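Visitor: Quick one: structure below, then a few questions.
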């Protein structure tokens, strides 16, 4: 078995932003030279998550609206009284409670085994941020 680890650097431009990383994930598998195995993705942040869903413009707008309603930015949150990084981002941490920070996707013949409508999203919950990191680890043969 072989393991190849890389990091994808991302930048977010909006408070909540859904970024399609499917092509980057596929490139990581292809670059590994492996034919069969698993791709594990890990957001290295507490306020940025991962999700597999459909990349359809109106649905993505609905997802963003839903997340904003789930924990409004202007809520009365204790974390915002004295935030350790000077960001009043309790809402971002609370939304993250319902999301994944990692995803594992199998691949065969060097191709991700995603369903027809599935895309991989990095979801920024506390943007904009000039730099975010997505760890990508390919393991297999």
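The values are calculated or read from the model by the stated rules, or taken from the named source; none is laboratory data. Note that this is a predicted model, so its numbers are computed, not measured. Please note: Cβ atoms are built from the backbone with ideal geometry, for glycine as well, and neighbour counts cover all protein chains shown.
Let's see how each residue does on (1) in contact with a strand residue (DSSP E or B) (Cβ under 8 Å, 6 or more places away or on another chain); (2) in a strand (DSSP E or B):
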{"residue": "25", "(1), (2)": "yes, no"}
{"residue": "30", "(1), (2)": "no, no"}
{"residue": "37", "(1), (2)": "yes, yes"}
{"residue": "55", "(1), (2)": "yes, no"}
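Visitor: Also, quick follow-up: Could you check segment 30-51 and list, in sequence order, the residues that are surrounded by fewer than 16 Cβ atoms within 10 Å (Cβ to Cβ) and under 21 Å from residue 128 (Cα atoms)?
Guide: Selection gives 44, 46, 51.
Visitor: Okay, next question. For segment 75-91, how many residues meet the condition of being assigned to a helix (DSSP H, G or I) and touching a helix residue (DSSP H, G or I) at 6+ places or on another chain (Cβ under 6 Å)?
Guide: Start the filter on segment 75-91 by keeping residues that are assigned to a helix (DSSP H, G or I), which leaves 78-80, 90-91.
With touching a helix residue (DSSP H, G or I) at 6+ places or on another chain (Cβ under 6 Å) added as a condition, the list becomes 79-80, 90.
Residues in segment 75-91 being assigned to a helix (DSSP H, G or I) and touching a helix residue (DSSP H, G or I) at 6+ places or on another chain (Cβ under 6 Å): 3 in total.
Visitor: Could you identify the single residue in 125, 94 that is surrounded by 15 or more Cβ atoms within 10 Å (Cβ to Cβ), touching a helix residue (DSSP H, G or I) at 6+ places or on another chain (Cβ under 6 Å), at pLDDT 95 or above and farther than 21 Å from residue 23 by Cβ?
Guide: Working: 94 fails: touching a helix residue (DSSP H, G or I) at 6+ places or on another chain (Cβ under 6 Å).
Matching residue, one of 125, 94: 125.
Visitor: Farther than 15 Å from residue 15 by Cβ, surrounded by fewer than 16 Cβ atoms within 10 Å (Cβ to Cβ) and at pLDDT 95 or above - does that describe any residue in segment 66-75? So that I can check it myself, show each step before the final result.
Guide: Initially, segment 66-75 is screened for residues farther than 15 Å from residue 15 by Cβ, giving none.
No: segment 66-75 contains no residue that is farther than 15 Å from residue 15 by Cβ, surrounded by fewer than 16 Cβ atoms within 10 Å (Cβ to Cβ) and at pLDDT 95 or above.
Visitor: Conditions: (1) closer than 25 Å to residue 130 by Cβ; (2) outside any loop (DSSP other than H, G, I, E, B). Residue 59 meets all but one. Number of the miss?
Guide: Tallying (1) closer than 25 Å to residue 130 by Cβ; (2) outside any loop (DSSP other than H, G, I, E, B), residue 59 fails exactly one: (1).
Visitor: With respect to residue 15, determine if the residue is surrounded by 15 or more Cβ atoms within 10 Å (Cβ to Cβ), at negative phi, outside any strand (DSSP E or B) and touching a residue at least 12 places away in the same chain (Cβ under 8 Å). Walk me through it before giving the result.
Guide: Numbers: surrounded by 15 or more Cβ atoms within 10 Å (Cβ to Cβ): yes; at negative phi: yes; outside any strand (DSSP E or B): yes; touching a residue at least 12 places away in the same chain (Cβ under 8 Å): yes.
Yes, satisfied.
Visitor: Scan segment 102-127 residue by residue and report those that are in a loop (DSSP other than H, G, I, E, B) and over 22 Å from residue 140 (Cβ atoms).
Guide: Within segment 102-127, the first condition is being in a loop (DSSP other than H, G, I, E, B), and the residues that meet it are 109-110, 113-118, 125-127.
Hits for segment 102-127 are 116, 117, 125, 126, 127.
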